[in-house]
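Visitor: Okay, here's the structure, questions in a sec.
The values are calculated or read from the model by the stated rules, or taken from the named source; none is laboratory data. On a predicted model such as this, the values are computed, not experimentally measured, just so you know. Cβ coordinates were reconstructed from backbone atoms using ideal geometry, including for glycine residues, and neighbour counts include every protein chain displayed.
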């Protein structure tokens, strides 16, 4: 493999990145539409919260991410400490995709699996320790399942 200059490497990475964006435009549009519609019709952008009322293992990550963007690192940590390993993992995926051309994919999948497993264990601990409490570890009573059960109880005349 020939050695390339930093300028060539950056140009190739930028070209690959723009190509990825172009190829993903419909997925990006779908994600944006999902966020807009979920905020318009539901309490939360999280499907688990909207439908069951219970927080998911990732609840708080979006708010933690916005806190990082505001340089509120302590607030981000309190909202969801896994924001930092996830930011680091995104950085590693970015470097692997655009500069190493996917050569470290297997290692990154292992790291992602370890982070996901740790997040689930943290979620179980957090549910035990803090639920129901302050957001993101709170229960949303007006979830879709509760609404459906309420409609069924009105139609049948029986309390569920």
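Visitor: Within the group 94, 51, which residue is part of a helix (DSSP H, G or I) and in contact (Cβ under 8 Å) with a residue 60 or more places away in the chain?
Guide: Working: 94 fails: in contact (Cβ under 8 Å) with a residue 60 or more places away in the chain.
Criteria check complete, one pass: 51.
Visitor: Here's something else I'd like to know. Got at least one residue in region 54-62 being surrounded by 18 or more Cβ atoms within 10 Å (Cβ to Cβ) and assigned to a helix (DSSP H, G or I)?
Guide: For region 54-62, residues surrounded by 18 or more Cβ atoms within 10 Å (Cβ to Cβ) and assigned to a helix (DSSP H, G or I): present.
Visitor: Here's something else I'd like to know. Is it fair to say residue 12 is surrounded by 13 or more Cβ atoms within 10 Å (Cβ to Cβ) and over 25 Å from residue 139 (Cβ atoms)? Reasoning before the result, please.
Guide: Numbers: surrounded by 13 or more Cβ atoms within 10 Å (Cβ to Cβ): yes; over 25 Å from residue 139 (Cβ atoms): yes.
Here the answer is yes, as residue 12 does meet what is asked.
Visitor: Just to verify a result, which residue in region 97-120, among those that are in a helix (DSSP H, G or I) and in contact with a helix residue (DSSP H, G or I) (Cβ under 7 Å, 6 or more places away or on another chain), is farthest from residue 15 (Cα to Cα)?
Guide: 115
Visitor: For residue 65, indicate whether it is part of a helix (DSSP H, G or I), in contact with a helix residue (DSSP H, G or I) (Cβ under 7 Å, 6 or more places away or on another chain) and more than 30 Å from residue 6 (Cβ to Cβ).
Guide: Against the criterion (part of a helix (DSSP H, G or I), in contact with a helix residue (DSSP H, G or I) (Cβ under 7 Å, 6 or more places away or on another chain) and more than 30 Å from residue 6 (Cβ to Cβ)), residue 65 does not qualify.
Visitor: Right, another one. May I ask you to verify whether residue 4 is out of contact with any helix residue (DSSP H, G or I) (no Cβ under 8 Å at 6 or more places or on another chain), surrounded by fewer than 16 Cβ atoms within 10 Å (Cβ to Cβ) and without any contact (Cβ under 8 Å) to a residue 24 or more places away in the chain?
Guide: For residue 4, the condition - out of contact with any helix residue (DSSP H, G or I) (no Cβ under 8 Å at 6 or more places or on another chain), surrounded by fewer than 16 Cβ atoms within 10 Å (Cβ to Cβ) and without any contact (Cβ under 8 Å) to a residue 24 or more places away in the chain - is not met.
Visitor: Go through (1) over 23 Å from residue 117 (Cα atoms); (2) surrounded by 18 or more Cβ atoms within 10 Å (Cβ to Cβ) one by one and return the number of the condition residue 76 breaks.
Guide: (1)
Visitor: Which condition breaks for residue 90 when tested against (1) in contact with a helix residue (DSSP H, G or I) (Cβ under 6 Å, 6 or more places away or on another chain); (2) closer than 30 Å to residue 7 by Cβ; (3) at pLDDT 90 or above?
Guide: (1)
Visitor: What residue, of 131, 99, is surrounded by 11 or more Cβ atoms within 10 Å (Cβ to Cβ), modelled with pLDDT under 90 and under 20 Å from residue 63 (Cβ atoms)?
Guide: Being surrounded by 11 or more Cβ atoms within 10 Å (Cβ to Cβ), modelled with pLDDT under 90 and under 20 Å from residue 63 (Cβ atoms) holds for just one of 131, 99, which is 131.
Visitor: Oh, and also: Filter region 37-48 down to the residues that are free of Cβ contacts under 8 Å to residues at least 40 places away in the same chain and over 16 Å from the mean Cα position of the chain (by Cα), then identify the one that is surrounded by the most Cβ atoms within 10 Å (Cβ to Cβ).
Guide: Here the answer is 37.
Visitor: While we're on this one: Cβ-Cβ below 6 Å, separation at least six or inter-chain, first residue in region 57-68 and free of Cβ contacts under 8 Å to residues at least 24 places away in the same chain, second crowded, with 17+ Cβ neighbours inside 10 Å and outside any helix (DSSP H, G or I): which pairs?
Guide: Partner pairs satisfying both residue conditions: 64/80.
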